[in-house]
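What follows is a single structure, written as structure tokens, with notes after it.
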Amino acid sequence: MPVEVTYKDTKYDFQVTARGPDTFLLDLNKGAQTIEVKIREQADGSLYVAYGEERHQLYAKEEPLGLRMVLDGVTVLLPTVYDPSELRSDITGKLVRYLVDDGAEVAAGQPFAEAEAMKMLITIKAGEAGQVFHALQPGSIINQGDLLANLKLKDPSKVKKIDKFKGKLDYAESSAGAPSTLEKFRAAEKALQLVMDGYVIEPEPQVQALLGALASVRLVTGDVAASLSALGNKLPTELDEQLQAAMSKVLNEHLDGEDTKEVAKLVPELNALIDDYIESQYEVKRDGLRATLAPTKAVLAKYAAGLREHAIVVVCALLRRFLDVETSFAGSSTDQAIAALLKANPDSLDNVYKAAFAHEQLELRTSLCLSLLRQARETKRGGEERSCECM
């Protein structure tokens with residue numbers, strides 16, 4: 001979606017693409033600069049805006065004279081670009097009559113129309129000299145900012161020159177280091193979920209990032225480490241040291257292409273360390289420790305069947321996301337499908353909108369499915385062919 005912003009006689013041309021419910025990609029001057037912006041609506045009606053290393057709180061209100069914003073407590077007005085060739089209303093009311101004929105000449109400051117507001121008759125004046133051309137019929141209801149007439153300027157130089165911004169916006173870009181395997185996996189999985197939800201994101205790089213992470217032992221160690229870190233002081237130091245030592249040993253001795261075997265050995269070892277530690281404690285403490293360590297055990301359970309099985313589960317979840325939408329549209333026209341969805345979801349119009357929004361990107365989502373199926377089909381486990389069973 002093209003968006004033009006004019007500020008201090010400079011025009012900024014953006015192409016804005018929704019990358020998610022709360023994420024937008026701003027493309028300035030056709031690829032000269034791209035900025036990813038995340039927004040979140042706060043309870044007080046303000047917007048939390050994040051891009052690069054910058055974070056801001058923003059209030060905004062559309063007014064007849066422009067967009068008024070309060071940015072981090074400072075008021076900023078992005079005025080509607082003033083065009084002297086457009087004669088606009090500065091009141092809300094009713095246009096009573098034009099005081100000059102259509103096509104007639106007016107002088108700067110000369111009244112050209114009368115309007116009624118709050119039972120008062122108000123004259124509206126031309127800002128510059130020129131030839132007036134009516135835009136409405138007398139008796140029309142008008143609001144602030146409505147166009148009343150066009151003005152062919154007697155002196156065209158009166159039009160203010162707006163320069164186009166040609167450089168790059170200066171802001172604090174993200175200085176984050178290289179992402180971990182777990183971070184790559186989560187980012188790629190989220191991006192592909194958004195593609196399945198109808199957002200326009202190039203899927204193939206995300207597919208490759210996802211599959212690369214799914215095939216790595218570092219995904220398992222990163223996932224387990226994250227779950228342990230979330231326990232904070234609840235995690236016994238002795239057990240933490242044992243688990244960290246076991247994972248470090250695997251990573252230090254890692255051989256390329258041996259990830260599947262390493263995970264098959266590591267997961268039972270970590271489970272055994274947790275179980276042995278719990279059993280070594282007083283019986284009165286065991287149930288509490290089991291509850292504390294349940295999140296870590298749940299992470300290990302995801303990988304208990306191996307990297308390949310976990311990858312199939314992840315891929316199938318994405319394919320189900322496609323089927324959940326397209327099942328409603330199969331065998332009928334879009335209009336018929338939406339009508340059926342409206343009938344089935346009278347109190348959940350948001351669900352209808354989400355389904356229709358996703359279906360609009362059927363071609364992109366289908367290409368993603370085909371890419372995923374090419375990777376998931378005929379995966380082998382112990383020499384036995386096994387296909388994705390989510391269908």
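The values are calculated or read from the model by the stated rules, or taken from the named source; none is laboratory data. Since this is a predicted model, take the numbers as computed values, not measurements. As a convention, Cβ positions derive from the backbone with ideal geometry for all residues, glycine included, and neighbour counts pool all protein chains shown. Note: areas computed on protein heavy atoms with side chains; ligands, DNA, RNA excluded. Shrake-Rupley method; radii C 1.70, N 1.55, O 1.52, S 1.80 Å.
Annotations
- Cα gyration tensor shape of region 286-374, rounded if a/c is under 1.5, else prolate or oblate by comparing a/b with b/c: oblate
- Residue (of ALA301, GLN361, THR181) at the positive-pole extreme of the chain, dipole from beta-carbon charges: GLN361
- Kirkwood Rh, Cα atoms: Rg over Rh of region 63-214: 1.29
- Dipole magnitude of region 195-271 about its Cα centre (Cβ charges: Lys, Arg +1; Asp, Glu -1), debye to nearest 20: 180 debye
- Tilt relative to the chain, helix 334-344 - C-alpha long axis, 0 to 90 degrees, to 10: 70 degrees
- Region 109-219, dipole about Cα centre (Lys/Arg Cβ +1, Asp/Glu Cβ -1), debye to the nearest 20: 380 debye
- Using R0 = 41 Å, the C-beta based FRET efficiency linking ALA272 and SER46 works out to 0.20.
- Distance violations [Cα-Cα > 18 Å] among LYS184/LYS261; LYS234/LYS285; LYS125/LYS152; LYS8/LYS168; LYS30/LYS190: LYS184/LYS261; LYS30/LYS190
- Eligible aspartates and glutamates near LYS166 by straight Cα distance, threshold 14 Å, same-chain separation 8 or greater: GLU4, ASP9, ASP13, ASP27
- C-alpha long axis of helix 283-302 to longest principal axis of the chain, angle in °: 70 degrees
- Radius of gyration, Dmax [the chain; alpha carbons; angstrom]: 31.1, 99
- Looking at region 1-154, the accessible area is 60 square angstrom per residue; that uses a 1.4 Å probe and ignores ligands, DNA and RNA.
- Positive dipole terminus of the chain, leading residue within GLY222, ASN143, GLN206 (C-beta point charges): ASN143
- Area accessible to solvent at LEU121, 1.4 Å probe radius, in Å²: 110 Å²
- Positive-end residue of VAL49, GLN110, ALA32, charge dipole of region 9-125 with Cβ unit charges: VAL49
- Within the assembled protein chains, the solvent-accessible surface assigned to ARG40 is about 130 Å², based on a 1.4 Å probe.
- When peptides 2-14, 209-221, 83-95 are sorted by average Cβ neighbour count within 10 Å, with the highest value leading, the order is 209-221, 83-95, 2-14.
- Centroid-to-centroid, using Cα positions, region 252-267 and region 317-344 are 42 Å apart.
- Estimated D of region 173-240 in µm² per second, where Rh is the Kirkwood radius over Cα pairs and Stokes-Einstein applies at 25 °C, 0.890 mPa s: 179 µm²/s
- When the solvent-accessible area of the chain is split by element, carbon and sulfur atoms take up 52 percent of it, the probe being 1.4 Å.
- Size of electric dipole in the chain: Cβ of Lys, Arg +1 and of Asp, Glu -1, about Cα centre, debye, nearest 20: 420 debye
- The orientation-averaged projection of the convex hull spanning the C-alpha atoms of region 62-126 amounts to 5.9 square nanometres.
- With 10 Å bins beginning at zero, the pair-distance distribution over Cα atoms of region 155-283 amounts to 10, 27, 25, 17, 9, 5, 4, 3, 1, 0 %.
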